[in-house]
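For reference, the structure is listed below as structure tokens.
The values are calculated or read from the model by the stated rules, or taken from the named source; none is laboratory data. If you're wondering where the values come from, they're calculated on a predicted model, not measured in any experiment. Glycine gets a Cβ as well: all are built from the backbone with ideal geometry, and neighbour counts include every protein chain shown.
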Amino acid sequence: MSDVPIRRSQRLNQITHAPHEKLDQAVKAHAPFETLASYKRFLSAQYLFQQELKALYNDPQLAVLIADLPERCRAEQAKADLHDLDAPLPSPLAGAVDAPSQAEALGWLFVSEGSKLGAAFLIKRAVVLNLSETFGARHLGEPVGGRADGWKRFIRILDELPFSDEQERQLDQGAIAAFERFNVLLDYAYASAPESEPA
């Protein structure tokens, strides 16, 4: 048995495994890359999630910890994607994260930043719908500096923060809540869009 302590980011990956799997299954069930109509619904959920996190990405205290945090936000890219596809901006849904503690906010950001790694696979599927990093799928595009480097920098900072036991609990809570919230937004996006929307 190794006595090397598990890193905070590793723990977060472990405790969010179940909600992450649940979300992956939900996305697959909706088949967002089979038709443009389905993709627009998926995009609506992405836009809502990023809009809800916009305040966290622009939080001055969090930016002290992560200098490039405001530039990491994808809300504007998702908004531009909706405009590209002549899709309406979805109405906000009650229940968005509101004034979380710093540790809880970092849990939400952990999920949002981690999703950029998965976006590398999604953008390849979006190409089939004639979408790209410059049209309709900007929010899935390669971040400035690269996906892997951006993630490693974020994780390095997160792993080195001096947290109390209570802050660790808040961090975990935020990460789990982020996955659960995206699931809610996904259901909302697919339920609220018209069934007969043309592709």
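In the range 151-169, the residues that are modelled with pLDDT of 95 or more form Cβ pairs under 7 Å with partners that are not in a helix (DSSP H, G or I), at six or more places apart or across chains, as follows: F154/I66; I157/I66; D159/R7. Taking first residues from the range 3-18 that are within 17 Å of Q167 (Cα to Cα) and partners that are part of a helix (DSSP H, G or I) and of a type in the set (D, E), the Cβ contacts under 8 Å between residues at least 6 apart in sequence or on separate chains come to R7/D159; R8/D159; R8/E168; S9/D159; R11/D172; L12/D172; I15/D172.
The condition (being assigned to a loop (DSSP other than H, G, I, E, B) and either modelled with pLDDT of 95 or more or among the hydrophobic types (A, V, I, L, M, F, W, C) (or both)) is satisfied by just one residue among E34, E21: E34.
Counting the residues of the range 42-98 that are outside any helix (DSSP H, G or I) and either touching a residue at least 24 places away in the same chain (Cβ under 8 Å) or out of contact with any Lys or Arg (no Cβ under 7 Å at 6 or more places or on another chain) (or both) gives 20. Scanning the range 127-147 for residues that are of a type in the set (G, A, S) and at pLDDT 95 or above, we see that the one that is surrounded by the fewest Cβ atoms within 10 Å (Cβ to Cβ) is S132.
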